[in-house]
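Encoded as structure tokens, the structure appears first; notes follow it.
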Amino acid sequence: MDEESIRKDKNMARAVLKGLTCYAGQLACQGREDEIRQIRRLVDAISVYWGIDGKRDWTEEFDEKMRLAGQRGTSVSSTSISRLRTVNGLFRYAKEMSIAQGIDEIDRILEIHDIIQRLEKDWEMPSREIDYYCDSIRKTAEQLQAVQHAMEM
């Protein structure tokens, strides 16, 4: 991979992490603690997977922003562009996980599918693009499950 591709990947990953943190702030204001924990695990996994900002602790930053959102009772809003970047990055992450980890990551891939659907609803995003992402992720997961089933036979 060339330096430009690596730079673009890291920028995309930062956008995803910022978008997920913003979304979790919204969830904090609504008291949706289980979903916040799920997003936190994903933030941690993505920051490690793409190896961005080695000195920056995205999970610690996430925790601090959740604490502040809980204290203030408000969260930072996001733009429609940052929302699309978040979903695009999640889709890319799910696809890469299916290639790199295969059947070992079926649960995470399906989890990303569910998060994208929640983002669509909570952020009132255009469903046409989201439907494409979700259909593609679901089909990928089904293919991996078929492989897993065949291996178990």
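The values are calculated or read from the model by the stated rules, or taken from the named source; none is laboratory data. From a predicted model like this one, the values you see are computed outputs, not experimental measurements. Neighbour counts are summed over all protein chains in view; Cβ atoms, including those assigned to glycine, are modelled from backbone coordinates with ideal geometry.
Every residue in segment 14-45 that is touching a helix residue (DSSP H, G or I) at 6+ places or on another chain (Cβ under 6 Å) and within 16 Å of Gly89 (Cβ to Cβ), please. Scanning segment 14-45 gives Ala15, Val16, Leu17, Gly19, Leu20, Thr21, Ala24, Ile39, Val43, Asp44. Counting the residues of segment 1-52 that are within 24 Å of Ala69 (Cα to Cα) and not in a helix (DSSP H, G or I) gives 3.
For segment 15-53, the tally of residues that are surrounded by fewer than 20 Cβ atoms within 10 Å (Cβ to Cβ), within 12 Å of Ile115 (Cβ to Cβ) and aromatic (Phe, Trp, Tyr) stands at 0. Ser5 passes every criterion in (1) farther than 26 Å from Leu110 by Cα; (2) among the polar types (S, T, N, Q); (3) at pLDDT 90 or above apart from (3).
Regarding Ser82, is this residue among the polar types (S, T, N, Q) and outside any helix (DSSP H, G or I)?
no
I need the full set of residues from segment 63-111 which are among the hydrophobic types (A, V, I, L, M, F, W, C) and under 21 Å from Lys8 (Cα atoms), in order please.
Selection gives Ile81, Leu84, Val87, Leu90, Phe91, Ala94, Met97, Ile99, Ala100.
Can you name the residue in segment 99-139 that is of a type in the set (Ser, Thr, Tyr) and at pLDDT 90 or above and, of all such residues, is surrounded by the fewest Cβ atoms within 10 Å (Cβ to Cβ)? So that I can check it myself, show each step before the final result.
Initially, segment 99-139 is screened for residues of a type in the set (Ser, Thr, Tyr), giving 127, 132-133, 136.
Subsequent filtering for residues that are at pLDDT 90 or above retains 132-133, 136.
Numbers: Tyr132: 11, Tyr133: 22, Ser136: 15.
Within segment 99-139, the match that is surrounded by the fewest Cβ atoms within 10 Å (Cβ to Cβ) is Tyr132.
Residues checked against (1) touching a His at 6+ places or on another chain (Cβ under 6 Å); (2) of a type outside the set (Val, Ile, Thr); (3) without any contact (Cβ under 8 Å) to a residue 24 or more places away in the chain:
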| position | (1), (2), (3) |
| --- | --- |
| Met66 | no, yes, no |
| Thr79 | no, no, yes |
| Leu84 | no, yes, no |
| Ala100 | no, yes, yes |
| Leu110 | no, yes, no |
| Asp131 | no, yes, yes |
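Gln38 fulfils the conditions (1) touching a Leu at 6+ places or on another chain (Cβ under 9 Å); (2) closer than 29 Å to Glu142 by Cα except for a single criterion, (1).
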